[in-house]
Amino acid sequence: MSRRSTWRPLVAAIVAAGVSPASAAARPHNLELVVVPKRGDVVLSGAGHAVPVDRSGHAHARVSNVAAFLSDLRVSGRSHLPAGVSARITRVKRWGGPDRYAVMLEMTYAVQLSFLDLTGRTVASRDVDHVILRSSAGGRVDLPGGATAHLAGMRVVSLTGRLEPKPISWTVDSIWVAGANVVHRSQVRFRPNATRSLPVQLLFFSADVSGHDALFGFHVGHAALITGPNGKARRYNFGKGSHVHLARLPRGTYTVRIVGPGWSFERPVALSRNQDVDLEVLTWLDVAFAALVFGGGAVALVLIGRPHLRRRVSPRRHGRLHLVASERADD
């Protein structure tokens, strides 16, 4: 928050208290500051004054210029906040008296995300492209997979005449790996003030890819050409048995084609569980066999429709049959 944007609510608080900036500078004021949430490890500073806060969340400052002090009020770097915790002033308002002010803090916490597959094995953060987090207060944070998230975990709300600290909850909106979202949206919920380390399971699955001859069924193929959700294609060479096992594939839609002696058509595969993907390959043997079958059938149809062609094709056989018939007649 800029100093100018901070100044406006502070001046409004002074005017509401019935104290003009000129009169505020004329005499010393004993200010009571009520810090919400209560933080005894916070030190406030403003206009050259360092003001420690006690465990009850109260602080006292004797200042001559109230407007200058409040406009410069901030959380001092001399605070004794735990590692990974920071605070900033979001609002100052008169509260219960002319020299009594409520100082509202927003607490921010560092949360380190880690990643696991569905078997519980660690997934390197470098394999994660980016993470999107959303808060119950309407906030959104985008960060690289290996980055630490600094998240607002506490804000102050006004309830029936009193100020109450309210925890802010967050959800994992999406985690992107190779063009695919590998979490169920908003399923993982957490509060930064209570969660400093957050392990998240990613939806990685395995696939066994193989090819077989379209007519005779035997295994065939040299490799699988797989295009992932990000549009990038990669070749995976087959091992024994003309298949390959692929582990830790991000959930998503893939297209698979077999590389081998013949034709293999691309097949879309929606990977949402461990799957066996077996594709047909129209091999050269299939083509030759089909040509033989259809060619022989065509010749047979021609011969059946034209008997004189059958006699020309096998004259010796017909002559032998005629000779046998003549000998039987002579007997």
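When each of Val157, Val92 is tested for being surrounded by fewer than 18 Cβ atoms within 10 Å (Cβ to Cβ), closer than 27 Å to Ser71 by Cα and either outside the structural domain of Gly231 (by TED's automatic domain parsing) or touching a His at 6+ places or on another chain (Cβ under 6 Å) (or both), the lone residue that passes is Val157.
So which residues in segment 162-197 are of a type in the set (A, V, I, L, M) and either in the same structural domain as Ala102 (by TED's automatic domain parsing) or farther than 25 Å from Leu143 by Cβ (or both)? Reasoning before the result, please.
Of the residues in segment 162-197, the ones of a type in the set (A, V, I, L, M) are 163, 168, 172, 175, 177-178, 180, 182-183, 188, 194.
The one that is of a type in the set (A, V, I, L, M) and either in the same structural domain as Ala102 (by TED's automatic domain parsing) or farther than 25 Å from Leu143 by Cβ (or both): Leu163.
If I ask for residues that are touching a strand residue (DSSP E or B) at 6+ places or on another chain (Cβ under 9 Å), closer than 19 Å to Gly179 by Cβ and not small (Gly, Ala, Ser), which ones from segment 215-250 would you list? Within segment 215-250, Leu225, Ile226, Thr227, Pro229, Asn230, Arg234, Arg235, Tyr236, Leu246, Arg248, Leu249, Pro250 meet the criteria.
Val141: buried (at least 18 other Cβ atoms within 10 Å of the Cβ), farther than 30 Å from Asn65 by Cβ and not polar (S, T, N, Q), yes or no? No; evaluated as a whole, the condition is false for this residue. Taking the listed residues Ala61, Ala67, the one that is crowded, with 17+ Cβ neighbours inside 10 Å, aliphatic (A, V, I, L, M), free of Cβ contacts under 8 Å to residues at least 60 places away in the same chain and assigned to a strand (DSSP E or B) is Ala61, with no other qualifying. Checked against (1) in contact (Cβ under 8 Å) with a residue 60 or more places away in the chain; (2) closer than 30 Å to Leu44 by Cβ; (3) surrounded by fewer than 20 Cβ atoms within 10 Å (Cβ to Cβ), Tyr101 passes all but condition (3). Checked against the criterion of being under 30 Å from Ala87 (Cα atoms), touching a residue at least 12 places away in the same chain (Cβ under 8 Å), outside any strand (DSSP E or B) and within 19 Å of the chain's Cα centre (by Cα), segment 150-166 has no qualifying residue. For the subset of segment 210-254 comprising residues that are out of contact with any Phe, Trp or Tyr (no Cβ under 9 Å at 6 or more places or on another chain) and charged (D, E, K, R), which member is modelled with the lowest pLDDT? Filtering segment 210-254 for residues that are out of contact with any Phe, Trp or Tyr (no Cβ under 9 Å at 6 or more places or on another chain) and charged (D, E, K, R), the one modelled with the lowest pLDDT comes out as Asp213.
The values are calculated or read from the model by the stated rules, or taken from the named source; none is laboratory data. The shown structure was predicted, so the numbers you read here are calculated from the model rather than taken from an experiment. Here the Cβ is made from the backbone with ideal geometry for all residues, glycine too, and neighbour counts use every protein chain on show.
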